[in-house]
Amino acid sequence: MPELYQLHPEQGIPIYRQLVDVILTQIKNGTLSADTKLPTVRDLADQLNVAQGTVKRAYDELERLGAVRKVQGRGTFVCYQPASSDSRKERAMAAIDQMLDTMEELDFSLAEVNIFLNLKLRQRSAARNDLQIAVVECNPETLSQLLDQLYETAGPVDLRAHLLKDVQEYPYRIGEDVDLIVTSAEHADVLKDIISQKEKIARVALSLTPHSAAQLLKLTAGQRLGILCRSRRFGELIYPVCTAYTENVEIRPPRLLDEAEGLDAYLAGLSALAVPDGFERYCTSEVLQRLQAFGAKHPLVRCRYQVDEGSLIYLQERIERLRDRTRV
């Protein structure tokens, strides 16, 4: 079993997400080349001693990301091509354009098309019979981490991710059919001022995971810590946290993962680097290779936020009450 396939349940990161990250890393750095056949779900589950559903979910996510393709009767194959990382989005936009062209040929207005689309989306969502939960956060890193935790703990739900700034610009992104709106206490006050479904808001407290905190606490006086992130907002949040969990450690201002130019100069002289957990999803293959080279000699502190235990119990109880109501 390749080294990168080693999983770490003690980190509190969903196993399927760890598997997605390590396989995606191997694909991006060329360890797994295009057309390489991955192990079957059963074989990989047996080798890793995890449930087959965990491996299947990882493969499904990799397929959604455009990193692998499933061939009926043959297996799952690597299909990632760095030069076409946006190909899925381009195909989706082309499909939407084709649909709009067809609707225009039928003499429907854009307003009517919007009504039909919303109707079909509601019908599909209702057919799944899942609770619909909107999750709102101010940065994509924490939003992704919160979604991962809710997928693992909330049972069968339809999660809809929203960045706070998008909801502020257009509050109707959160539809009236949503059963619950999960956000941090800080953002709940903002949402209450702009949306009508105030009673659906569930406040939760977010905190750095113990594993992430422990990694920061291991840093010693005189060391230099850098911070790389996908969004400036995450950098603004994690900088004071790094300061609070370290003592006499020089912390450099955050910079973005997609800024490849000047990265080597930024990394020079650093003793450790703080990155959002799952950072592999956010950077190019070029940046990923540089960070892997840095991580081979220095600590990479994976910063991950989670709903704290008290908030999680409250949230699970509220979701269960909603389920009971729908069963009546």
Restricting to segment 9-62, give me the number of residues that are acidic (Asp, Glu), closer than 30 Å to residue 308 by Cα and touching a residue at least 24 places away in the same chain (Cβ under 8 Å).
3
Is it the case, given these coordinates, that residue 76 is modelled with pLDDT of 80 or more, in contact with a strand residue (DSSP E or B) (Cβ under 9 Å, 6 or more places away or on another chain) and either not assigned by TED's automatic domain parsing to the domain that holds residue 276 or not hydrophobic (A, V, I, L, M, F, W, C) (or both)?
yes
Counting only residues that are over 11 Å from residue 77 (Cα atoms) and exposed (fewer than 14 other Cβ atoms within 10 Å of the Cβ), segment 32-67 contains a total of 8
Condition first: among the aliphatic types (A, V, I, L, M) and within 26 Å of residue 246 (Cβ to Cβ). Now tell me which residues in segment 186-219 satisfy that.
205, 206, 208, 213, 214, 216, 217, 219
Which numbered condition residue 147 misses (of (1) modelled with pLDDT of 90 or more; (2) assigned to a helix (DSSP H, G or I); (3) touching a helix residue (DSSP H, G or I) at 6+ places or on another chain (Cβ under 9 Å))
(3)
Checking 202, 188, 161 in turn, the sole residue that is without any contact (Cβ under 8 Å) to a residue 60 or more places away in the chain and either part of a strand (DSSP E or B) or closer than 29 Å to residue 295 by Cβ (or both) turns out to be 161
Test: residue 100 is under 14 Å from residue 23 (Cα atoms), at pLDDT below 90 and not polar (S, T, N, Q):
no
Only one of 310, 278, 269, 262 is among the small types (Gly, Ala, Ser) and in contact with an Asp or Glu (Cβ under 8 Å, 6 or more places away or on another chain). Can you tell me which?
278
Unique residue being within 30 Å of residue 206 (Cα to Cα), at pLDDT 85 or above and not acidic (Asp, Glu) when the list is 139, 129:
139
Looking at segment 147-167 only, could you name the residues that are more than 17 Å from the chain's Cα centre (by Cα) and surrounded by 18 or more Cβ atoms within 10 Å (Cβ to Cβ)?
167
For segment 34-46, does any single residue satisfy the condition of being under 20 Å from the mean Cα position of the chain (by Cα) and hydroxyl-bearing (Ser, Thr, Tyr)?
no
Which residue, of 291, 312, is crowded, with 19+ Cβ neighbours inside 10 Å, of a type outside the set (S, T, N, Q) and not in a loop (DSSP other than H, G, I, E, B)?
291
Starting from residues that are assigned to a loop (DSSP other than H, G, I, E, B) and out of contact with any Lys or Arg (no Cβ under 7 Å at 6 or more places or on another chain), keep the ones in segment 205-228 and report whichever is nearest to residue 188 (Cα to Cα).
205
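The values are calculated or read from the model by the stated rules, or taken from the named source; none is laboratory data. All values derive from a computational prediction rather than experimental measurement. Methodologically, a virtual Cβ is constructed for each residue, glycine included, from the backbone with ideal geometry; neighbour enumeration extends over all protein chains shown.
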